[in-house]
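Engineer: Next up is a structure, given as structure tokens.
The values are calculated or read from the model by the stated rules, or taken from the named source; none is laboratory data. What you are looking at is a predicted structure, and each value in this text was computed from that prediction instead of being measured. FYI the Cβ positions are ideal-geometry reconstructions off the backbone, even for glycines, and counts take in every protein chain you see.
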Amino acid sequence: MATRVVPQKIIKNLRFKTTTKPLNSSHPSATAAVASLLEREQPSPPQPSHQQPSYLDLNDGERLFSAVPTSTLIRSSAVLHATAIGPVVDVGIWAMQSKLLQTGILKDAVMAVTKRTFYEHFCAGEDAITAGKSIRSVNEAGLRGMLVFGVEDAHENDGCDRNLKGFLHTVDVSKSLPPSSVSFVIVKITAICPMALLERISDLLRWQQKDPSFNLPWKQDSLPIFSESSPLYQTTKKPEPLTPQEESDFQLANQRLQQLCKKCVEANMPILVDAEHTTVQPAIDYFTYSSAIMHNKDDNPIVFGTIQTYLKDAKERLFLATKAAEKIGIPMGFKLVRGAYMSTESTLAESFGSKSPIHDTIKDTHNCFNDCSSYLLEKFANGKGSVVLATHNIESGKLAAAKAYEIGIGKVNHKLEFAQLCGMSDALSFGLSKAGFRVSKYMPFGPVEMVMPYLLRRAEENRGLLAASGFDRQLIRRELGRRLKAAIF
Ligand SMILES: Cc1cc2nc3c(=O)[nH]c(=O)nc-3n(C[C@H](O)[C@H](O)[C@H](O)COP(=O)(O)OP(=O)(O)OC[C@H]3O[C@@H](n4cnc5c(N)ncnc54)[C@H](O)[C@@H]3O)c2cc1C
């Protein structure tokens, strides 16, 4: 969907205001937005940024990083530069994974180096209390924090129970922090429901999508999880119903999630469910949507789901879920991401002899993210619901900021939050915040060993000189140079 262009005069006046004002109340109806979202079969390429009106100044490093101490900038610069050098990342990943380095003095040394570098850059601390301190400090710099208890997937009920305690504690910590400094508590359903059970539930849901007469006695009200084009290749034959043991485990998992949701409702703290790979995502969506129906009231979504826009069926599923939420009158919250499991998805699809569920080109993914974002902004501007745009992509940030200004959604009505990972795209975070938007950093916490898989993903994501972090590297280097000159002269 093309973004309408706002006259330069208005843009100039609005640039860098700390509050957003509605620019134009006569935006197209949601129906028109939906129609154009779905009609768009041949998405046009995103316009080059020089043709877009710019609502964000991402070039003035002095202004963007004014709240960041020089010592932090130096560490950020060093870590981002290190992750940009392929061989350094390879050695780092080898060291973090190597069995040789899993015991004794070598292990202590690797852990110590990892902690002082990658860990301190990408994570919020070893426990919820330290993470709380990190959140206070990002909050002083004008941002908010998403508290992420960095647990692993669970395979047994005992592990799920332990993880639940950690999530509940996270909500307690968030209550002890300055009001509104924590935007969300993040939950991974894979940490409170055994993985094998999530796979079974996903299989059963997929089979019901193939055969609507297939009865799932345990299934409660939910929003649509699939669309007509959703790939169902992972379920090749009719699955057996849940065994009594599985039904009991399913009830336990549901009780854990409801306990957490209730605590979040009491604390008025939104809970955001992360998305994982498609093997388990139908079950995750099921848990999310059925909880949203129970807990999202009035204009205030408490339970938010995540849509991965690298999936070809993302737009249709988002459309169906928002329409269904509208019909039953609940406010729905969505986080939009591109998606983090590209290679797993492609390999899995190939093993079934199916086409990858991921868009054929990255341009299609970019268009899908931008279209879904535009659709939700229009839909929620005057309707019920909230959107979190979780991206480091500057073009997507600019497009969404322009759209938000255009239709008057943003800081004023709290229906839009931008989000970036801790340690990534700080320039975009500060730029959006200084332009008047709410912006959160996704802040995982936990012992170094526990968050190691997360750190490995971040190292991979920033690998290579052309990685997305290139923009930040340049800007930080320039700002450090400026501070050095100012100190000398
Ligand atoms: C706050 C926050 C929360 C997140 N939560 C989740 C989550 O719950 N679940 C999840 O899966 N991910 C999550 N992510 C990660 C996210 O999905 C992305 O992996 C990451 O943010 C990079 O995408 P980007 O929007 O920042 O865009 P960019 O920096 O532009 O990254 C684009 C990347 O998209 C990938 N890509 C997508 N489609 C294609 C394609 N068709 N062809 C080639 N490459 C393609 C490539 O790897 C490319 O590097 C989260 C990210 C943030 C910031």
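Engineer: Can you tell me which residues in the range 357-416 are in a loop (DSSP other than H, G, I, E, B) and under 30 Å from residue 343 (Cβ atoms)?
Structural biologist: Those that are in a loop (DSSP other than H, G, I, E, B) and under 30 Å from residue 343 (Cβ atoms): 357, 359, 360, 361, 391, 392, 393.
Engineer: Within the range 172-185, can you find the residues that are surrounded by fewer than 22 Cβ atoms within 10 Å (Cβ to Cβ), on the phi < 0 side of the Ramachandran plot and not acidic (Asp, Glu)?
Structural biologist: Applying the first criterion (surrounded by fewer than 22 Cβ atoms within 10 Å (Cβ to Cβ)) to the range 172-185 yields 172-173, 175-181.
From what's left, on the phi < 0 side of the Ramachandran plot: 172-173, 175-179, 181.
173, 175, 176, 177, 178, 179, 181 - these are the residues of the range 172-185 that are surrounded by fewer than 22 Cβ atoms within 10 Å (Cβ to Cβ), on the phi < 0 side of the Ramachandran plot and not acidic (Asp, Glu).
Engineer: Next question. Which residues, counting only those in the range 371-384, are within 11 Å of residue 332 (Cα to Cα) and at pLDDT 95 or above?
Structural biologist: Hit for the range 371-384 is 376, nothing else.
Engineer: I want to confirm something. Restricting to the range 410-447 and keeping residues that are more than 16 Å from the ligand (Cβ to nearest atom), over 18 Å from residue 147 (Cβ atoms) and in contact (Cβ under 8 Å) with a residue 40 or more places away in the chain, which single residue is surrounded by the fewest Cβ atoms within 10 Å (Cβ to Cβ)?
Structural biologist: 412
Engineer: Then there is this: Tell me, which residue of the range 324-358 that is among the basic types (Lys, Arg) and out of contact with any helix residue (DSSP H, G or I) (no Cβ under 8 Å at 6 or more places or on another chain) is farthest from the ligand (Cβ to nearest atom)?
Structural biologist: Among residues in the range 324-358 that are among the basic types (Lys, Arg) and out of contact with any helix residue (DSSP H, G or I) (no Cβ under 8 Å at 6 or more places or on another chain), the one farthest from the ligand (Cβ to nearest atom) is 327.
Engineer: Follow-up question, since we're still on this one. Please go through the range 250-309 and give me each residue that is away from the ligand (no atom under 16 Å from the Cβ), over 22 Å from residue 420 (Cβ atoms), assigned to a loop (DSSP other than H, G, I, E, B) and hydrophobic (A, V, I, L, M, F, W, C), ordered by number.
Structural biologist: Within the range 250-309, just 302 meets the criteria.
Engineer: Just one of the numbered conditions (1) touching a Ser or Thr at 6+ places or on another chain (Cβ under 8 Å); (2) within 28 Å of residue 124 (Cα to Cα) is not true of residue 386; which one?
Structural biologist: Of everything listed in (1) touching a Ser or Thr at 6+ places or on another chain (Cβ under 8 Å); (2) within 28 Å of residue 124 (Cα to Cα), residue 386 misses just condition (1).
Engineer: Mind telling me which of the residues 458, 473, 463, 477 ends up being at pLDDT 90 or above and of a type in the set (D, E, K, R)?
Structural biologist: Criteria check complete, one pass: 477.
Engineer: Next question, about the same structure. Has the range 373-381 got at least one residue that is within 11 Å of the ligand (Cβ to nearest atom) and out of contact with any Ser or Thr (no Cβ under 6 Å at 6 or more places or on another chain)?
Structural biologist: yes
Engineer: Could I ask something else about it? What do you reckon, is residue 315 among the basic types (Lys, Arg), outside any strand (DSSP E or B) and either touching a residue at least 24 places away in the same chain (Cβ under 8 Å) or closer than 24 Å to residue 442 by Cβ (or both)?
Structural biologist: Here the answer is yes, as residue 315 does meet what is asked.
Engineer: How many of the residues in the range 147-180 are assigned to a helix (DSSP H, G or I) and closer than 20 Å to residue 303 by Cα?
Structural biologist: So the count comes out to 14.
Engineer: From the list 367, 393, exactly one residue is under 19 Å from residue 319 (Cβ atoms) and either away from the ligand (no atom under 15 Å from the Cβ) or surrounded by fewer than 24 Cβ atoms within 10 Å (Cβ to Cβ) (or both). Which is it?
Structural biologist: Being under 19 Å from residue 319 (Cβ atoms) and either away from the ligand (no atom under 15 Å from the Cβ) or surrounded by fewer than 24 Cβ atoms within 10 Å (Cβ to Cβ) (or both) holds for just one of 367, 393, which is 367.
Engineer: When the residues of the range 356-367 are narrowed to those that are more than 19 Å from residue 276 (Cβ to Cβ) and in contact (Cβ under 8 Å) with a residue 40 or more places away in the chain, which ends up nearest to the chain's Cα centre (by Cα)?
Structural biologist: Out of the qualifying residues, it is 366.
Engineer: Okay, next question. Which is modelled with pLDDT of 95 or more and either surrounded by fewer than 17 Cβ atoms within 10 Å (Cβ to Cβ) or touching a strand residue (DSSP E or B) at 6+ places or on another chain (Cβ under 7 Å) (or both), of 222, 213?
Structural biologist: When all the criteria are applied, what remains is 213.
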